[in-house]
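The values are calculated or read from the model by the stated rules, or taken from the named source; none is laboratory data. In this text, all values refer to a predicted model and were calculated from it rather than measured experimentally. Note: areas computed on protein heavy atoms with side chains; ligands, DNA, RNA excluded. Shrake-Rupley method; radii C 1.70, N 1.55, O 1.52, S 1.80 Å.
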Amino acid sequence: MTRKRDLYLLLALFTAALLVLLLGHAQHGKAPSVSPAEKEEPAAAVSAAGGYAEFANDTVRAYFEEYPAESYLMVTAGGKEYSPIPLSGENAFRVAQEDGSENVVHIGKNAFYMESSNCDNQDCVGQGEVTLENRDSRILFNMVICLPHRLTLELLTREEAEARLLEAYAAAAEAEN
């Protein structure tokens, strides 16, 4: 029950971050106005605003202006990739999945490591800290992987994180067509 609640909390935080991003985007005067007819047809609202690519670029730019950092953590859990987490200060968070998998990730300025996991082998915990300085010399480069939990953590520069987010928008647009 607690793990399910943690997953809901993680999803709620992700949704809240997305809402903050969209609200910040709207406050900057870049959000297109949507009439009731356009609400039923999202494609019309996107084309009226200058196209999906322009919308995606503006949204990504706004995200990285709202959450500035030199590096970001990309979390992929159970095949789902989440928004980049800015690595600008000390913190820790739990990744809890529906199957009972649970990992705790510690983040710092331009660094992260797997603090704990409830997997049997603990290989992910033993992979150590990933930093901007050591990411090119580590065996797994910029990644820590918990194979039993299908969890991947990647340290990305700002430019890499922006490109990854734009790729995700492009993939979502392609999937809709």
Counting only protein heavy atoms with a 1.4 Å probe and every protein chain in place, the carbon and sulfur fraction of the accessible surface of segment 73-134 in whole percent equals 43
What are the semi-axes of the equivalent ellipsoid of segment 90-177, taken as the square roots of 5 times the eigenvalues of the Cα gyration tensor, listed largest first and rounded to whole Å? 24, 19, 12
